[in-house]
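Structure, as structure tokens:
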Amino acid sequence: MCNFDNSWYHPGRSRALQLLWFFLGLPLLRCPLIPFSGFRVWLLRLFGATVGEGVVIKPGVRVKYPWHLTVGNDSWIGEDCWIDNLTGVRIGSNVCLSQCCYLCTGNHDWKDPAFGLIAEPIELGDGCWIGARALIAPGVVVGACAIAAAGSVIRKNIPNFEIHAGQPGCLRTSALHQLRPI
């Protein structure tokens, strides 16, 4: 770790705004004493997130950098989800992130002596469902109306209308195409 260097990375906003988010915005976002989802949506927008209409954000949600977050209309972000977004995370419309999901856009190159930081965006397509305690790895695209089952570790893209489950997540069924999209 003595060679670790991520000096190339910049979060995209001033140090002052980052500190304001970490010491004021994030604690308010996570606070279980504030029962109103609308307040959390307003707070994320205030700090630069793009959040659509009808979005529900439950208590305990963590967002590293709101200015790297885009959420479509009528989506649900469940209790204690962690959006660890060093770079962009795009959540489509009518998406359900169940409780304790972890969206991680950052990793490290274990082959690099400097343990180099890798940051890749995540995209969740319209109508997809991320089950409770699922992990979505950097660079993953979850297709429209696809499902990542509860507890899954998703390291590769999930095509539209497929269900992936397990550790690592793999195809369980692709019969969802017979269902009518939301």
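Tabulated data for the structure shown
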| item | result |
| --- | --- |
| Estimated [θ] at 222 nm from DSSP helical runs (n ≥ 4, -39500 (n - 2.57)) normalised by residues in the chain, nearest 500 | -3000 deg cm²/dmol |
| Gyration tensor (alpha-carbon) shape descriptor, segment 15-171, a/c threshold 1.5 | oblate |
| Charge dipole (debye, nearest 20) of the chain; +1 at Cβ of Lys and Arg, -1 at Cβ of Asp and Glu | 240 |
| Cβ charges +1 (Lys, Arg) and -1 (Asp, Glu), total dipole of segment 91-182, debye | 280 |
| Loop-resident sites, segment 82-182, for trypsin sites (Lys or Arg not before Pro), counting at most 10 other Cβ within 10 Å (DSSP) | K111 |
| For Y102, Y65, order by how many other beta-carbon atoms lie within 10 Å, fewest first | Y102, Y65 |
| Of L19, L97, L43, the one that fluctuates the most in a GNM where the chain has Cα springs shorter than 10 Å | L19 |
| Residue of W76, W42, W67 that the Gaussian network model of the chain assigns the largest fluctuation, springs spanning Cα pairs under 10 Å | W42 |
| In segment 1-38, trypsin sites (Lys or Arg not before Pro) in a DSSP loop with at most 14 other beta-carbon atoms within 10 Å | none |
| Which of H10, H108, H164, H68 has the fewest Cβ neighbours within 10 Å, and the rest in rising order | H10, H108, H68, H164 |
| Per-residue ³J(HN,Hα) for segment 5-10, Karplus 6.51 cos²θ - 1.76 cosθ + 1.60, θ = phi - 60°, Hz, x for Gly and Pro | 8, 10, 4, 5, 7, 10 |
| Under 22 Å from the Cα of K156 - lysines, other chains or at least 8 residues apart | K111 |
| Cut-off under 5 Å, modelled amide H: who pairs with I118 long-range | N107, H108, D109 |
| Neighbourhood charge, 9 Å Cβ-Cβ cut-off, centred on L29 and excluding it, Lys, Arg +1 and Asp, Glu -1 | +3 |
| Cα gyration tensor shape of segment 98-176, rounded if a/c is under 1.5, else prolate or oblate by comparing a/b with b/c | prolate |
| Within-12-Å neighbourhood charge of A144 [Cβ basis; K, R +1; D, E -1] | -3 |
| Lys/Arg +1, Asp/Glu -1 at C-beta; segment 18-143 dipole; positive extreme among L97, P32, P66 | P32 |
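Laboratory data are not the source of any read-out in this text; all were calculated from the coordinates shown. Here the structure is a predicted model, which means the values were calculated and not measured. Glycine gets a Cβ as well: all are built from the backbone with ideal geometry, and neighbour counts include every protein chain shown.
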